[in-house]
Ligand code: ADP
Ligand code: ZN
């Protein structure tokens, strides 16, 4: 006898799936993983069958209305992976599945019936057929029901069974407006600096808009100008009216990688690569290999050979990269090796395109996927390999529920599907190195692939090193200056890292000492120029720079701390001949602008590339011979257990961009803490030395990977309510720990280091212990944690930061 009921997960924050009766006509299609249409109150929405059962639920159940796909949308192992995520991170299964399956495959009442032909008998089925014919062959099922004033699902399903109609689920209409984008472009020739004072006299908003456009290379989308830079629409319109700029519609580049030249792989592996390739091929299915290879050791080529190996065995592969926009080189190498086998999943895809890519993979028409975090859910058939490149990157952690870490999901999925997992990095995470053991094999590439050694790194002590006088407040040592001068003279390229965007970090009154804070977040506002303003990097709050101190009225205000905009201005004055490019959130949030900048660097049209951590990742430019870290201490003293780890990774990674070509290279790191182990080890390219010290620090008090953490963040608009709720949460956890004698520490409640974001006060409770008892608390808390009105509790297991 077939089971009579199906449990259906809905894309709603419900703790449990709903139970529905399976009508006889659908028994063969209603299987775990299938999409079904079910009634929820007055709506018909799409859910995923998670389980079948014979046991009738207590109350009256409604019927599943339809199962539109001939084959379940979700393969069994992906459903299993989703179950693991939901359980491990304490997220509802429906919400988890929503991030697994592309958005376009969900939807409300958008099942379309499409008349195929064949004989249709009379009765209701006949009426449905006649209606469809009148409508030119297809219509939404909901519309048929409205027209015939009767429920029609049963008749429609019958017609589908005999092949008279085909059902499909239409994407919700989210694509409108994506195809073209309104762009403003400066007219040439651009007025000279001296003309501007007259041109923009008493029109500061226009001048700001003008200079912002100029800074963005002459053009930008209206959306970017308004949303990211907060420029007034009127000012832009005025520029257009005065003939200084024009507006036009530009097609949004749908496949930004289509025109990127593919890169052919190197002819032969080095001996170390050959050994690594063999070691990965020998890794038993379901096990992991940690590819610990120094920067420039040729890890990508090893990945490619591993992919080639599984493809030749008839399997498929997933390659995860931290941020696809920042790694066009990896994409082009994968495409260079496997051409049309490759599906690239990137944020520029429309919902429809993403769903198309999903189906192509599901059918096995493409077997290799490259993508960021969510590509871990790609329905690759017969999965043989998962590569996680730069596995230490925190962007693999999802920032909303389900708060999964793609690297850890990859491990689960690899075990379920008997695929090999490869975790690659020059600066592996403490978590990954801690796991090395029986099913976690360490594979090394200790040297660079080319003839060049790792570049020497010089630490310059900013407390004592002579500085260039004209640099003013900017930390710019004579050492770094001399190296830049020399590199430019040799016509080589320079990379300068300053991990702080904006012009200056804070605005402070020298008389009363007050610093402008965000009114909605407990963080100081960053000073920006072009367009000028004080901006909050957490919530986007934006206000004009006040003419005098709002607290004491003092007319002079001082800027402190240097951002990329100020660095750029200094460099333009110091090296007037050099061609500069700046890469940070302010210059790149227009689509694919990263790639435009990197392409220019690749073509040799840029002499100095400066930017935030964006320039530290994965870039492979042989003509970059000098890397300078302007201020290595920007993240070193954050009150977070990963502050040293992040600093080490950032400095070691950016240092690894130097000297990749025949001319070699060098690195200059400016810091006030040259003796700090994160910097001392980064300067020696000594990842193991760093990890040893870091692990020792994380023993007492224990932090990951020595102990696991769950961060419970309690937030709300009323401070006292939040504090009370935090006390309640911590009591509840402590009660559970006591009642079940769990080896878990309940730390807090305490205000978060960033005590307020977007007008919400934040407190947290941290649970610390081994994975097993923490897991029990998480599962229990997911359903039972007490709720308080006006307060939200977010549960973050294995948090990447505690700020
Ligand atoms: P990683 O990711 O380990 O930092 P990449 O994969 O970017 O290193 O490789 C660094 C450089 O070395 C690239 O330019 C690549 O083309 C080159 N390379 C890699 N393997 C070989 C090889 N076997 N022979 C010659 N060049 C190689
Ligand atoms: Zn803010």
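Across the range 488-552, C-alpha contacts under 8 Å between residues 6 or more apart give a mean separation that, scaled by the residue count, equals a relative contact order of 23 percent.
The relative contact order of the range 417-572 comes to 19 percent, based on Cα pairs under 8 Å that sit 6 or more residues apart.
Per-residue Cβ neighbour counts within 10 Å put 648, 292 in the sequence 292, 648, beginning with the fewest. Ordered by the count of other Cβ atoms within 10 Å of each Cβ, fewest first, 88, 677 give 677, 88. Overall, the anisotropy analysis places the range 745-802 in the oblate class: the square-rooted eigenvalues a ≥ b ≥ c of its C-alpha gyration tensor yield a/c not less than 1.5, with a/b not exceeding b/c.
With R₀ set to 22 Å, the beta-carbon distance separating residue 247 from residue 545 gives a calculated FRET efficiency near 0.20. Once the Cα atoms of helix 351-362 and of the chain are each reduced to a long axis, what angle between those two axes, in degrees from 0 to 90 to the nearest 10, is obtained? Approximately 70 degrees, to the nearest ten. Using the rule -39500 (n - 2.57) for each DSSP H run of four or more residues, divided by the residues of the chain, the 222 nm mean residue ellipticity is -9500 deg cm²/dmol.
Counting neighbouring beta carbons within 10 Å and listing from fewest to most, the residues 477, 801, 429 come out as 801, 477, 429. Our note on the geometry: Cα centres of the range 651-666 and the range 289-343, 22 Å apart.
The distance separating the Cα centre of the range 433-454 from that of the range 399-428 comes to 18 Å. The fraction of all Cα pairs in the chain landing in successive 20 Å bins from 0 to the largest distance is 14, 43, 35, 8, 0, given as whole percents.
Let me have the relative contact order for the chain, percent, based on Cα pairs under 8 Å that are six or more residues apart. After rounding, I find 11 percent. Taking a ≥ b ≥ c as the square roots of the eigenvalues of the Cα gyration tensor, an a/c ratio below 1.5 marks the range 270-422 as rounded. Taking the longest Cα principal axis of the chain as reference, the axis of helix 643-655 is set at about 70 degrees. Rounded to the nearest 10 degrees, the inclination of helix 123-134 to the longest alpha-carbon principal axis of the chain is 40 degrees.
Each value in this text was obtained by applying a stated rule to the coordinates, not by laboratory testing. This one's a predicted model, so the numbers in the text were calculated from it and none came from an experiment. Glycine also receives a Cβ, built like all others from the backbone with ideal geometry; neighbour counts cover every protein chain displayed.
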